[in-house]
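Enquirer: One structure, as structure tokens, below. Some questions next.
Nothing in this text is a laboratory measurement; each read-out follows from the coordinates by a stated rule. Given the structure is predicted, the values throughout are model-derived calculations rather than measurements. Virtual Cβ from ideal backbone geometry, glycine too; neighbours counted across all protein chains shown.
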Amino acid sequence: MRTTDTSKMTFATVEPGVGLKKALALSPEEIIGLISESGLKGRGGAGFPTDIKWKLAAGMENPLKYVVCNADEGEPGTFKDRVILANFSDLMFDGMTIAARAIGASKGIVYLRGEYTYLRSFLEGKLATRREEGLLGERVLDLDGFDFEIEIRMGAGAYVCGEETALIESLEGQRGEPRNRPPFPVNTGFMGHPTIVNNVETFSWVPCIFTKGAKWFHDIGTEKSTGLKLFSVSGDCGKHGVFEFPMGITLKELLEKVDGTGAKAVQAGGASGHCVPASDFDRTIAFEDVPTGGSIIVIGPERDMLKVAENFMEFFVDESCGQCTPCREGNAKLLEGIEMLQQGRCSMAYLRELCALGETMQLASKCGLGQSSPNAFLSIVSNFKDEIMGRTEPAL
Ligand SMILES: Cc1cc2nc3c(=O)[nH]c(=O)nc-3n(C[C@H](O)[C@H](O)[C@H](O)COP(=O)(O)O)c2cc1C
Ligand code: SF4
């Protein structure tokens, strides 16, 4: 049953424009200070502190800076940003505008997932209204020296283009391949200018923090993972859809709310996340425990875990950009290993080698795709030993 109810979300209680007005009454330093107090961390997956990113970009001397909203949402099992884009885009635009004021940017770009093309004209209509209302363009809200424009640019369906440096390459019209870091986008981003890239949801919480207060946000969740979060819930549970929960919720509590208590495992964080077995359902969803950008895939007791791993590895073999060897070759080797296990042709010794390969990929791959693509395979092998070892080739 699909049960997304946007009226129950905090975003529905926050009036667009209110947080923006409060923020623009403050200095850029005070804006970043309030974000620090709230403890906001990126909602795109990595959980990087938003204030630190903004502070670094604010410190760059450059007449042209960019605010980029990552609306690529390509992680399998993630669809919460689509709900924000369709229902609360003004909060997202408010957040981008506050960020622009904080770092001294005059241009904003929303990098919209190719599959969300149907939302483009709707979002451009919203931007046109904002221009008419003085919320965009020259002297935003009559603030001297603050000009800010936002445009929508389309992605073309590559998962890797959600990685911020590949996204910037794609925006520049290049092949969407991750860059070496450093330099980081806050120093050298879009067209060589300081650029912050934040997730749709991260920007959308910003005006809520200014409307309801940094303390309000900080008092929810755990010490290291504050605030509320949207979760895209799919798989073997009674209720599918987008739900808002506080950070720090345990997997057990979350499963109770979505009628998924009989689950055998949860893939937290999409295909690139970790597969958490039922014995660990007391663990919390938090950056310091089980991290997730919001994808929760519930795996029921009947599921074949090798099939689950195969599904994810097929995705990564398709989506690896092929630039570096550990990821390009490693994903293909892990998938081949899964197929060998399925056919009873994989020895215990070879399975151990595959696990070592996965660990090497985590360390040696150039970007987050190859660094995280072995997570599901490795966690399934380690948490479902009986199920996986039973499929290895019998010793002679
Ligand atoms: C392969 C890959 C795909 C990614 N896809 C997305 C995405 O679709 N949306 C997103 O916000 N972040 C994505 N990220 C994370 C971004 O690189 C970046 O960390 C994020 O946009 C920063 O925003 P935040 O700090 O607000 O989370 C991806 C990372 C990798 C490695
Ligand atoms: S890790 Fe994979 S996606 Fe990232 S640069 Fe290397 S080949 Fe490309």
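Enquirer: Which value in deg cm²/dmol, rounded to the nearest 500, describes the helix-derived mean residue ellipticity at 222 nm for the chain, given -39,500 (n - 2.57) per DSSP H run of n ≥ 4 and division by the residue count? Display every interim value, and only then the final one.
Expert: Values: 16 runs with 165 residues, N = 396.
After summing the helix terms and dividing by the residues of the chain, the value is -12500 deg cm²/dmol.
Enquirer: On to the next question. Non-local amide H neighbours of residue 226 (under 5 Å, H modeled in plane, Pro and chain starts lacking H): which ones?
Expert: Residues meeting the amide H criterion: 41.
Enquirer: Evaluate 2.2 N^0.38 Å with N set to the residue count of the chain, then give the Cα radius of gyration divided by it. Please list the in-between numbers first.
Expert: Numbers: Rg = 21.6 Å, N = 396, 2.2 N^0.38 = 21.4 Å.
Working it through for the chain, the quotient is 1.01.
Enquirer: Still on this structure, I have one more. Where does the Debye-calculated log10 I(q)/I(0) of the stretch 55-146 sit at q = 0.13, 0.15, 0.19, 0.21 Å⁻¹, using only Cα point scatterers of equal weight, no solvent?
Expert: Ignoring solvent entirely, the Cα scatterers give -0.48, -0.63, -0.95, -1.09.
Enquirer: Would you calculate the separation in nanometres between label points at residue 385 and residue 333, each defined as 7 Å from the Cα along the Cα-to-beta-carbon direction?
Expert: 2.4
Enquirer: A follow-up question, please. Compute the separation of the alpha-carbon centres of the stretch 319-355 and the stretch 192-267 and state it in Å as a whole number.
Expert: Cα centres, the stretch 319-355 to the stretch 192-267: 33 Å.
Enquirer: Please state, as a whole number in µm²/s, the translational diffusion coefficient that the Stokes-Einstein equation yields for the stretch 135-209 at 37 °C and 0.692 mPa s, with Rh defined as the Kirkwood radius across alpha carbon pairs. Provide the component values of the computation, followed by the final result.
Expert: Values: Rh = 14.1 Å.
D, rounded to a whole number, is 233 µm²/s.
Enquirer: Based on the mean of other beta carbon atoms within 10 Å per residue, what is the order of 56-62, 249-255, most packed first? Mind dumping the intermediate values first?
Expert: Values: 56-62: 16.3, 249-255: 18.9.
Ranking, from highest mean packing down: 249-255, 56-62.
Enquirer: Whole-Hz ³J(HN,Hα) for each residue in the stretch 216-226, computed from phi via Karplus 6.51 cos²θ - 1.76 cosθ + 1.60 with θ = phi - 60°, x for glycine and proline: what do you get?
Expert: In residue order, the calculated couplings are 3, 5, 5, 6, 9, x, 9, 4, 9, 10, 8 Hz.
Enquirer: Related question: How would the stretch 85-216 be classified by its alpha-carbon gyration tensor: rounded, prolate or oblate, with rounded meaning a/c under 1.5 and the a/b versus b/c comparison settling the rest?
Expert: Numbers: a/c = 1.60, a/b = 1.35, b/c = 1.18.
Since a/c reaches 1.5 and a/b is larger than b/c, the shape of the stretch 85-216 is classed as prolate.
Enquirer: Residues with amide H under 5 Å of residue 110's amide H, sequence separation 5 or more or different chain, H placed in the peptide plane at 1.01 Å from N; which?
Expert: 69, 151, 152, 153
Enquirer: Would you order 94, 386 from fewest to most other beta-carbon atoms within 10 Å of each residue's own beta-carbon?
Expert: So the residues, fewest neighbours to most, are 386, 94.
Enquirer: While we're looking at this one, here's another question. Can you give me the relative contact order of the chain as a percent, contacts being Cα pairs under 8 Å and 6 or more apart?
Expert: 18
Enquirer: Hey, another quick one. For each of 359, 387, count neighbouring Cβ atoms within 10 Å of the residue's Cβ, then give the residues from fewest to most.
Expert: Placing the least packed residue first, the sequence is 359, 387.
Enquirer: Before anything else, pin down the relative contact order of the stretch 294-396: Cα pairs under 8 Å, at least 6 apart, normalised by residue count, whole percent.
Expert: Relative contact order comes out at 34 percent.
Enquirer: Once phi is turned into ³J(HN,Hα) by the Karplus curve 6.51 cos²θ - 1.76 cosθ + 1.60 with θ = phi - 60°, what whole-Hz value does each residue of the stretch 343-354 show in order, with x for glycine and proline?
Expert: After applying 6.51 cos²θ - 1.76 cosθ + 1.60, I find 8, x, 10, 10, 7, 4, 4, 5, 4, 4, 5, 5 Hz.
Enquirer: Turning to a different aspect of this structure: Where does helix 120-132 land angle-wise versus the long Cα axis of the chain, in degrees 0 to 90, nearest 10?
Expert: Between helix and principal axis, roughly 20 degrees.
Enquirer: Placing unit charges on C-beta atoms (Lys and Arg positive, Asp and Glu negative, everything else neutral), compute the dipole magnitude of the chain about its Cα centre in debye, rounded to 20.
Expert: The calculation lands at about 140 debye.
Enquirer: Hey, another quick one. How do 20, 85, 378 line up, fewest other C-beta atoms within 10 Å first?
Expert: Ascending Cβ contact count within 10 Å gives the list 378, 85, 20.
Enquirer: Tell me, what ³J(HN,Hα) does each residue in the stretch 201-212 have, in order and in whole Hz, if you take phi through Karplus 6.51 cos²θ - 1.76 cosθ + 1.60 with θ = phi - 60° and put x for Gly and Pro?
Expert: 5, 4, 4, 5, 6, 4, x, 5, 5, 6, 6, 9
Enquirer: To check my understanding: the extent here is largest minus smallest coordinate of the Cα atoms along each principal axis. What are those three numbers for the stretch 179-252, in Å, largest first?
Expert: The principal-axis extents, from largest down, are 47, 34, 20 Å.
Enquirer: Would you please give the residues with an amide H less than 5 Å from that of residue 187, counting only those at least 5 places away or on a separate chain, with H modeled from the backbone geometry?
Expert: Result for residue 187 returns 195.
Enquirer: Once the Cα atoms of helix 305-319 and of the chain are each reduced to a long axis, what angle between those two axes, in degrees from 0 to 90 to the nearest 10, is obtained?
Expert: Here the helix axis deviates by roughly 50 degrees.
Enquirer: Follow-up. Over the residues of the stretch 221-372, compute the C-alpha Rg and express it relative to 2.2 N^0.38 Å.
Expert: Taking the Cα Rg and dividing by 2.2 N^0.38 Å, one obtains 1.11.
Enquirer: May I pose another question? Mind checking the angle between helix 325-342 and the chain's longest principal axis? C-alpha axes, 0 to 90 degrees, to the nearest 10.
Expert: Value to nearest ten degrees: 40.
Enquirer: Can you give the % of DSSP beta bridges in the chain that are antiparallel, to the nearest 5?
Expert: Details: 18 of 41 bridges.
If I count the DSSP bridges inside the chain, around 45 percent turn out antiparallel.
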